[in-house]
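S.K.: Can you keep this structure in mind? I'll have questions shortly.
The values are calculated or read from the model by the stated rules, or taken from the named source; none is laboratory data. Given the structure is predicted, the values throughout are model-derived calculations rather than measurements. Cβ placement follows ideal geometry from the backbone for every residue including glycine, while neighbour counts extend to all protein chains displayed.
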Amino acid sequence: MLLHTSPVQFHSLDDWRTFIDQTFVPLEVQVRGRGGFVPQAGHCAVGPLSITELHISATTVVRTPALAKRSEQAIYKASLQLQGTSEIIQNNRRVTLTPGHWAMYDTTQPYTVHVGDDAQFLVLMIEPDLLSMWQPYLSVALARSFDTQSGCGHLVRQMLKSIIRQPQTFSDTTADSVAHALIQLMGAQLSEPFLADTPKPQTVREIQLVKIQHYIQQNLHRSDLNVDKLCQVFRCSRRYLYNLFALQDLAPADYIQRQRLISSCERLADPSYQRPIAELAYQHGFKDATAFSHAFRRRYGVSPTVWRQQQLSQAVM
């Protein structure tokens with residue numbers, strides 16, 4: 001085992017299934033190996049990253065549609081094969097990992113992983129916010145193989161192995177920086193094959209702006225989503241944040257307000273969405289229905305109720 005932590009002990013198959021559910025996400029587990037099943041596992045956390053090393057016999061795990069639908073939190077999993085093989089199936093894609101290759105998949109969607117006999121691999125649990133800069137590439141990068149023999153992939157493997165050999169030696173601040181540096185390398189590698197076909201930001205400031213805008217889109221429901229919160233999350237000054245949004249001739253608060261109202265309009269235009277206006281306001285971070293209605297009327301010239309009626313009438317016609 002590469003992880004220099006105390007290995008987890010398993011006394012039964014049920015213990016193993018419980019470990020899988022608690023460490024990753026709920027999965028259906030089927031052991032296919034004929035011999036005695038004696039899995040080995042180690043686990044550590046480095047900043048926001050959860051890293052698990054597994055050495056197991058032939059096993060299949062399935063994230064069924066029902067289990068995926070019950071996801072309480074979006075999590076991406078990255079698997080780096082160290083020994084043996086693994087086959088990952090998701091979104092009608094099928095990829096086989098051999099030693100030195102890694103792939104990423106999404107736990108909010110169904111998937112199947114067939115692990116070969118005597119397989120050893122590392123699994124990273126990654127929150128979507130850490131990958132927000134590469135969000136445009138993730139949909140095409142899932143369940144695809146990435147090599148670690150050269151270039152950026154080689155740096156990913158070397159850095160990851162170095163991290164797991166000394167996870168307890170990092171301070172909290174250092175661990176956070178190390179984890180983000182590793183994610184930067186992984187994101188750069190998974191996006192590299194698609195950069196030629198995808199419009200990309202030309203400056204560091206534009207990249208940072210895209211990352212912040214994605215965070216805003218994912219957190220419109222939060223009442224504390226404001227300039228101070230963004231400065232805290234992205235560790236920047238108010239002046240720097242305002243300079244970033246000047247690229248779009250908008251103040252940060254105006255951008256947040258606009259995105260909340262755009263999202264609200266999409267809900268109001270959906271015939272299947274029949275929730276009260278007050279509930280819609282809370283879902284988009286407004287303190288009450290009155291504040292929401294005033295902001296909505298200033299932008300669209302009518303109240304949310306009237307706008308909903310107009311949209312539904314047009315849909316019927």
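S.K.: Kindly establish whether Val316 is at pLDDT below 90, surrounded by fewer than 13 Cβ atoms within 10 Å (Cβ to Cβ) and over 27 Å from the mean Cα position of the chain (by Cα).
M.R.: Yes, satisfied.
S.K.: Search region 271-285 for residues being within 27 Å of the chain's Cα centre (by Cα) and closer than 15 Å to Gln309 by Cβ, and hand back the single one that is surrounded by the most Cβ atoms within 10 Å (Cβ to Cβ).
M.R.: Ranking the candidates gives Leu280 first.
S.K.: Could you tell me whether any residue of region 286-299 is closer than 20 Å to Gln217 by Cβ, surrounded by 14 or more Cβ atoms within 10 Å (Cβ to Cβ) and polar (S, T, N, Q)?
M.R.: no
S.K.: Let me ask something else about it. Can you pull out every residue in region 143-152 that is outside any strand (DSSP E or B) and within 20 Å of the chain's Cα centre (by Cα)?
M.R.: Of everything in region 143-152, those that are outside any strand (DSSP E or B) and within 20 Å of the chain's Cα centre (by Cα) turn out to be Ala143, Arg144, Ser145.
S.K.: Now, a different point. Can you name the residue in region 233-259 that is touching a Phe, Trp or Tyr at 6+ places or on another chain (Cβ under 7 Å) and surrounded by 15 or more Cβ atoms within 10 Å (Cβ to Cβ) and is also farthest from His180 (Cα to Cα) among such residues?
M.R.: Only one residue fits best here, namely Tyr255.
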